[in-house]
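What follows is a short report on a single structure.
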Amino acid sequence: MAGNAGYAIARHADDNAIVAVRAGRPIRRAELRRDIAALASRLPAHRYILNLCTDRYRFMVGVAAALRRQQISLMPPSTAPGVLRALAEDYPDLYALTDTTPPPLTSFIYPGTFDDAGAAAEMEDVPRDQPALILFTSGSTGKPKPVPKTWSTLVHSARAAGDRLGLSRLRGGTVIATVPHQHSYGLESAILLGLQHGLTIDTGWPLYPADIRAALERTAGPRILVTTPVHLRALVAEPGGMPRADLILSATAPLPVSLAAQAEACFGAPLIEIYGCTEAGQVATRRTAQETQWQCFDGVALSQNEHGTWASGAAVEGVAPLQDVIELTGPGLFLLGGRSADLIDIAGKRTSLTHLNHQLQSIPGVEDGVFFMGEANGSHVSRLTALVVAPALRPETILQALRERIDPAFLPRPLIFTDALPRNELGKLPREALLRLAGRAQDA
């Protein structure tokens with residue numbers, strides 16, 4: 001599996017290069033490759049692996065060891081018991097790799113130590129066309145759809161992203177990520193980006209502003225922050241600001257221009273927003289504070305027909321549909337109009353939930369808020385609902401502010417106040433969680 005037949009897992013200069021920092025301790029490439037070989041020799045002989053390691057370094061080693069054993073890593077949208085049971089039914093030759101309490105699946109516990117970790121081990125290349133992952137769509141409109149990815153696609157995507165981001169200017173840099181590694185954005189930008197561009201990966205997972213500040217302060221050299229709009233909103237509001245960074249990446253939800261500008265001022269660094277989806281992976285970037293157009297990665301092409309927009313190229317597995325309204329503006333350039341499923345039509349008038357959310361969240365005093373379509377119930381049609389976190393405001397104040405911003409047809413019925421929105425680790429709001437929260441609030 002060496003030579004031109006495959007792609008390396010880690011493209012660092014040599015075995016002495018620092019690949020990761022774990023709890024303040026540097027891990028060099030030689031140690032990484034020994035750990036990969038040691039774990040690979042112990043993994044059970046199954047076709048599919050569900051990597052549930054909470055420790056980011058162990059997750060990295062698990063992904064690489066599975067590749068070495070030609071096992072396919074499954075990355076479902078959730079690890080809820082029902083989701084895991086469905087996975088086990090669809091993939092009977094599945095086991096879980098875990099470093100915590102085993103799930104209700106055949107499981108293998110990540111060893112605390114490797115007795116043979118000192119043995120020499122080759123960092124073998126992975127064949128380009130080897131199946132590497134199966135990602136799954138969120139399943140919000142039905143059963144999650146599997147999306148297979150080969151190692152070649154993942155490598156091309158990571159390398160194209162790094163080239164676009166100019167990572168060659170940030171040699172010796174460290175990737176600090178606030179996003180979970182079990183998600184495609186976390187895997188691509190918190191792990192693969194570092195491995196394929198010779199960067200150091202901080203294996204911590206800082207979530208709160210104080211933790212993120214501490215991670216930046218203890219990191220020497222260029223600092224790359226991989227995060228989300230939800231985290232950025234909290235970080236720019238921190239008294240006293242934040243330490244400087246050299247590059248900020250954001251994805252998982254639309255980023256308001258005003259927030260992008262605030263973040264650049266707060267960190268003294270350019271903020272690049274990444275556009276992609278489960279089906280196509282990473283597709284394009286823009287510097288949101290300065291650009292409205294998105295630019296596709298080199299080698300990614302977009303095409304359109306009566307059914308929508310499609311992406312293809314070396315960084316895309318086959319020809320993949322994009323789930324958004326796209327306006328092509330030039331070769332490799334486009335404007336984003338929101339998700340197709342995001343568009344709503346009320347009384348012959350059309351808008352998008354993204355637009356409504358932006359208007360709601362821009363009202364002074366609104367800390368968080370979201371519009372969504374409620375459930376149809378018997379003879380009752382689904383109604384446009386809004387959940388809002390605004391402890392200092394009255395409902396009449398918010399509704400009046402909305403009347404000045406949106407057509408009256410899109411005023412929420414009902415408007416529900418809550419202490420917090422049910423955001424997941426990526427800052428997203430699963431529809432089922434919104435419906436449950438709205439139902440509880442109306443029953444109270």
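The values are calculated or read from the model by the stated rules, or taken from the named source; none is laboratory data. The structure displayed is predicted, hence computed values, not measured ones. Here the Cβ positions follow ideal geometry from the backbone for every residue, glycine too, while neighbour counts run over all protein chains shown. Side chains included, ligands, DNA and RNA excluded: accessible areas come from the protein's heavy atoms. Shrake-Rupley method; radii C 1.70, N 1.55, O 1.52, S 1.80 Å.
Among the aspartates and glutamates, which fall within straight-line cross-link reach of Lys149, defined as a Cα-Cα distance under 15 Å, with same-chain neighbours fewer than 8 residues apart omitted?
Asp129, Glu188, Glu279, Glu317
Within the accessible area of the chain, what % is carbon and sulfur when the probe is 1.4 Å and the other protein chains stay in place?
Result for the chain: 51 percent of the exposed heavy-atom area is carbon or sulfur.
About the Cα centre of segment 54-181, what is the dipole size in debye to 20, counting +1 per Lys and Arg Cβ and -1 per Asp and Glu Cβ, all else neutral?
Details: 13 positive and 12 negative charges, 131 e Å.
Dipole size: approximately 620 debye.
Any idea which of Ser184, Phe417, Ser78 is furthest toward the positive side of the dipole for the chain, if Lys and Arg beta-carbons carry +1 and Asp and Glu beta-carbons -1?
It is Phe417.
What accessible area per residue, rounded to a whole number of Å², is obtained for the chain using a probe radius of 1.4 Å? Kindly include the intermediate steps, with their values, before the conclusion.
Numbers: 19960 Å² over 444 residues.
About 45 Å² of surface per residue is accessible.
Can you tell me the dipole magnitude for the chain around its Cα centre, using point charges on the Cβ only (Lys, Arg +1; Asp, Glu -1), in Debye to the nearest 20?
260 debye
Quick one: angle between helix 431-443 and the longest Cα principal axis of the chain, in degrees between 0 and 90, rounded to 10, please.
40 degrees
Using only C-alpha atoms and all pairs of different ones, pull out the Kirkwood radius for the chain in Å with one decimal.
Taking the inverse mean of 1/r over all distinct Cα pairs, the chain comes out at 23.2 Å.
Could you tell me the accessible area of Asp129 in Å² (1.4 Å probe, neighbours in place), rounded to the nearest ten?
Rounded to the nearest 10, the figure is 120 Å².
Mind giving me the nanometre distance, one decimal, between the label points for Ala409 and Ser138, set 7 Å out from Cα along Cα→Cβ?
2.5 nm
Which is the longest part of the chain that has none of the trypsin sites (Lys or Arg not before Pro) sitting in a DSSP loop with at most 12 other Cβ atoms within 10 Å?
Result, exposed sites excluded: 245-444.
What size of dipole, in debye to the nearest 20, comes out for segment 175-272 about its Cα centre when the only charges are +1 on Lys and Arg C-beta atoms and -1 on Asp and Glu C-beta atoms?
60 debye
I want the antiparallel fraction of DSSP beta bridges within the chain, as a percent rounded to 5.
Here the share of antiparallel DSSP bridges comes out near 60 percent.
Work out how much length Thr106 to Val319 would gain on full extension: take 0.36 nm times their residue separation and subtract the Cα-Cα distance, in nm to one decimal.
73.2 nm
So for the pair Ser362, Glu375, with labels modelled 7 Å out along Cα→Cβ, what separation do we get in nm?
Taking the two extended label points, one gets 3.4 nm.
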